[in-house]
Each structure stands twice: as structure tokens, then as C-alpha cells.
Amino acid sequence: MSKSISGFSKLSKSKKIDWIVDTYFSNADDAKRVLKQYWNTDERLQQLHDEFIENTITNYYLPLGVAPNFLINDKLYTIPMAIEESSVVAAASKAAKFWLERGGFKTSVISTTKIGQVHFIYKGEFSTLKLFFSKIKSKLIQDSKSITANMEKRGGGIIDIELRDKTDDINNYYQLHASFETLDAMGANFINSCLEQFAKTFKSEALLFDAFSEEEKQIEIVMSILSNYVPDCLVRAEVSCKVDDLSENDTISGEAFANKFIQAVNIAEVEPYRAVTHNKGVMNGIDAVVLATGNDFRAVEAGVHAYASRHGKYSSLTHAKIENGVFTFWIEIPLALGTVGGLTGLHPLVKLALELLHKPSAKELMQIVAVAGLAQNFAALRSLITTGIQQGHMKMHLMNILNQFEANNEEKETITEYFKTNTVTHSAVVEAINKLRVKS
Ligand code: MEV
């Protein structure tokens, strides 16, 4: 039976580990060894990671891979990707190469507005609330000057604040719905600080507003928080080429490929079961770059999937068409990203990833990330409608199976060679390992 503990966060790292291994593990020494195996020998670097969060006991590794040959708006990029799924980086690289030979990716940022809200309860006449809001709107902005001054110097800041009546949804529920431009910062701290200041001013000014009754003066702030739904922080990426140029070999004509590809996209546009998996493939590319560049992939995931449901039904993030003999495949997605602040200046690998990407602005990073999503989706659909996904997937997964069986380098080499011309399945790999081991 495990037990509860109080004051855990105040224990030293080694005492935390002692408690965990003694409480949960049959072999405490072994558990400790595994945890410590992942500590960095550079104590300063380890301390940096320890201090990112509370109760750090070790580091959790993910591979950081790179996908070269991405031509985006005529500039070449090698894209860093942090991900555990074996086939993702290989697929991205393949798609990059395919489109490198066909003009590359074209991208544009459509908008960069972010949203935050103060949710509050007001018991009274809406017309009086509206009057109050119009009187104090400029004070809401003025009182936030100490927070916004730096952002404003660089050209960003608060764009607008609206009063929204939400009483159709919940009795007495209203919002201050604010929009922001946060430039190269993801902006979560900036937005939340502004919102909390709005809430403070709003509440205190209400107490002084003569047109309010005593009850109306008692505005209750429920919460002040940014929204991760950013449909007006939107980026577009596309690829296009003549339909005939889509053909790579004699197995399928460009036209047949394009038609089948568009059918696959159309299915994801109308069928939510397929759309979720289709978009999961998009997110394989997006999350990997978002993570490698120190951005908040949970925020991106939440916002992207909400956007995919914006018409009331979950649907594809990508679209495809043929017009005048030209095949076009594109994505439009909301991405709130930062290239300053947060982890970007702290995590040495994030700094390295950003330098690899030519130190992009947030707008440039939005475009690179959108391309990674589009490329990943292209690679997945291309496999799905031709060879099937398993061929490439299992080829990449082969090494995981070999590692499960603790194959040595010589065994790995022999078996990898064998599977260059044979179909990889879990049982076929196990059989090959057993045969090899019996022989030797
Ligand atoms: C696997 O991680 C992603 C795919 O399932 C995406 C798709 O089906 O489009 C291959």
C-alpha cells in the first residue's frame, strides 16, 4: 500500500528519490540507478533542468532529430524535431525532398492576434454596465501601462477590449474580451498580467460608479486568463505543382495520385473518425517542432483542435484541389508561438534549435511549424494511398524491436540488411533474431 506524504516539495532531491523508491519499488537500488543514469554530469546544466519545474527527480529524454531540405519561400531550412515516434523525422525528410524538387513550400502569416478574457458576474441592467465600461475602458488600458510599456515600444500591446454579454449562456455572466499583439513572445505572461490588472481596475472602479445600485457595484470576478483558442493568429502553408509532376515512378500516374490524394483529404474533411487521425499526422510534425523550439505544445494542440471544429464538426486541417492541371495542397492553422521568453533563452537545446532555424521571429516560426505539419500530412497520405502505412512505419520500427531483444550491433546489421528486401512484421523480426542466434 502506498502512503501519502506532506512537505514532499521541501525535501532535497535525494530525499525525494529515497521516499519514492522505498514507497513504490521492489528493487529500490535498481530504480535509483535508472533515475540517476539520466542525470547530467554537468551540475550547472542539471540544476537548470531541476529548476524548470518542482520535484524534479531526473531528466526525461526524447530524441532530437533534424529534417533537412525544407525549401520555404525560397530559403532552405533544416528543421529540428523532438519526437519519439520512429517514422516521423524520416517521413518529414522525404516530403521535404519531394517538394524541394517541385518548388518548395510557400507560406504566409494571415494574422497574429491573441485573446484573453476576464470572466465576471454582474447582477443588474446591461445598459448601465455598458455605460460603466465605456467610461472606464481607457482607464483599464491606462492602469496597465507599466505592464505594456515595453511591448508597446516594440510595436505590440493591447489591441482592444470589448464588453461581451454572455447571459444567454449563464445567468449574469459577462466578459471583458481583450485582444493583444505580443510580437515575438508567445505572450501568456504578458496577457495574463494585463487581464489581472483589468480585473482589479474594473472591480475597484465599479465601487465608485454612481449610476450602479449597491448590488450592481458588487461585480464578482470569476477568473482572468488568456485563451489558447487563437483563430486570429493564423498561418497558411502550401505546396503546388503540375499534376503530371507528382508522378515519381511508373507505379502510379500523377493524375491518379492527385485524385486519390484529394479523395483521402475529402474523407478527412467530412468524416470525424478519419479527421482525428489525419490531424494527428499533422500534429506529429507540428508538435515535434513546437517542442524542439521550447514552445507550449499543449496550448498549440488545444487551439488547433478547437479550430478544426470551428464549423461545428471536427474536420481536416489540410485541403487539396486540382485547378487547371495544377495540384495544390495547403494548411491553415492557428499557432501562438514565441521565439523570445519562456524556455527559448534558457534551455540550451532550444537555443540551438532556434539558431539552426536562422533565429526566426515568431512569425517565421509559425510558417516553419505549419510547413512541418503539412509535410507530415503529405508523407502520411502519400504512403496511405500507395504502399500503405505499415511498410515505411515498420521499417523504422525495426530498430525498436531489435532493441527490445537487446540485439548487438552485428545482429542489427545482419537483420537490417535482411529486411531491406523482406516485409517487416513483429513476428518476422523475432523469427530472424532467433534464427540468427541459433546459428551462432
Ligand atoms: C501515425 O502517427 C500518423 C498517421 O496515422 C496519420 C494518418 O493516418 O494520416 C499515419
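The values are calculated or read from the model by the stated rules, or taken from the named source; none is laboratory data. Predicted model only: the values in this text are computed from it and were never measured. Counting neighbours? That spans all protein chains shown, and the Cβs are built from the backbone with ideal geometry, glycine included. Remember, those area values only see protein heavy atoms, side chains included, never the ligands or the DNA or RNA. Shrake-Rupley method; radii C 1.70, N 1.55, O 1.52, S 1.80 Å.
Annotations for the structure displayed:
- DSSP-loop GluC sites (Glu not before Pro) across the stretch 14-69, with at most 14 other Cβ within 10 angstrom: GLU51, GLU54
- The C-alpha atoms of the chain define a longest principal axis, and helix 188-208 lies at about 20 degrees to it.
- Measuring against 29 Å, Cα to Cα, the residue pairs LYS75/LYS321; LYS260/LYS359; LYS94/LYS313 contain LYS260/LYS359; LYS94/LYS313 as the ones spanning a longer distance.
- Among ILE401, ILE331, ILE83: highest mean-square fluctuation, GNM of the chain, C-alpha pairs under 10 Å: ILE401
- Using only Cα coordinates, the Kirkwood hydrodynamic radius of the chain works out to 25.4 Å.
- Backbone N under 15 Å from the LYS145 label point (7 Å along Cα→Cβ), restricted to the stretch 155-175: 158
- Annotation for the stretch 186-257: GluC sites (Glu not before Pro) lying in DSSP loop with at most 14 further Cβ atoms inside 10 Å of their Cβ are GLU248.
- Rounded FRET efficiency, nearest 0.05, which uses the C-beta distance separating ILE159 from GLN391 and R0 of 60 Å: 0.75
- The stretch 1-132 - percent relative contact order, Cα under 8 Å, separation 6 or more: 16
- Heavy atoms of PHE25 accessible to a 1.4 Å probe, total area in Å² rounded to 10: 100
- Stokes-Einstein diffusion for the stretch 192-334 at 20 °C, viscosity 1.002 mPa s, with a Kirkwood radius from C-alpha pairs, works out to 114 µm²/s.
- Full-extension gain in nm, GLU248 to GLU125, via 0.36 nm per residue minus C-alpha separation: 37.5 nm
- Mean projected area in nm² (Cα convex hull; one quarter of hull surface) for the stretch 393-439: 2.9
- Fluctuation leader among GLN175, GLN117, GLN46 - the chain, Gaussian network, Cα springs under 10 angstrom: GLN46
- Trypsin sites (Lys or Arg not before Pro) restricted to DSSP loop in the stretch 285-328 with at most 15 other C-beta within 10 Å: ARG310, LYS313
- Net charge over other residues, Cβ less than 15 angstrom from the Cβ of GLU410 (K, R count +1; D, E count -1): 0
- Contact order relative to length of the chain, as percent, for alpha carbon pairs under 8 angstrom and 6 or more apart: 17
- Cross-link pairs beyond the 20 Å C-alpha cut-off, checked among LYS130/LYS200; LYS36/LYS412; LYS139/LYS203; LYS395/LYS420: LYS36/LYS412
- The stretch 173-280, accessible area per residue, ligands and nucleic acids excluded (1.4 Å, Å²): 49
- Charge dipole magnitude, Cβ of K and R +1, D and E -1 - the chain, Cα centre, debye nearest 20: 380
- Helix-only mean residue ellipticity at 222 nm for the chain, each DSSP H run of n ≥ 4 adding -39500 (n - 2.57), per residue, nearest 500: -16000 deg cm²/dmol
- Carbon and sulfur %, accessible surface of the stretch 359-419 computed with the full protein complex present, 1.4 Å: 49
- For the residues ILE322, ILE252, ILE141, a GNM of the chain with alpha-carbon springs under 10 Å puts the largest fluctuation on ILE252.
- Carbon plus sulfur fraction of accessible area for the stretch 1-159, probe 1.4 Å, in percent: 52
- Taking 0.36 nm per residue of separation and subtracting the Cα-Cα distance, full extension of the segment from LEU208 to VAL430 would add 72.2 nm.
- For the stretch 114-226, the fraction of alpha-carbon pairs lying more than 17 Å apart is 51 percent, rounded to a whole number.
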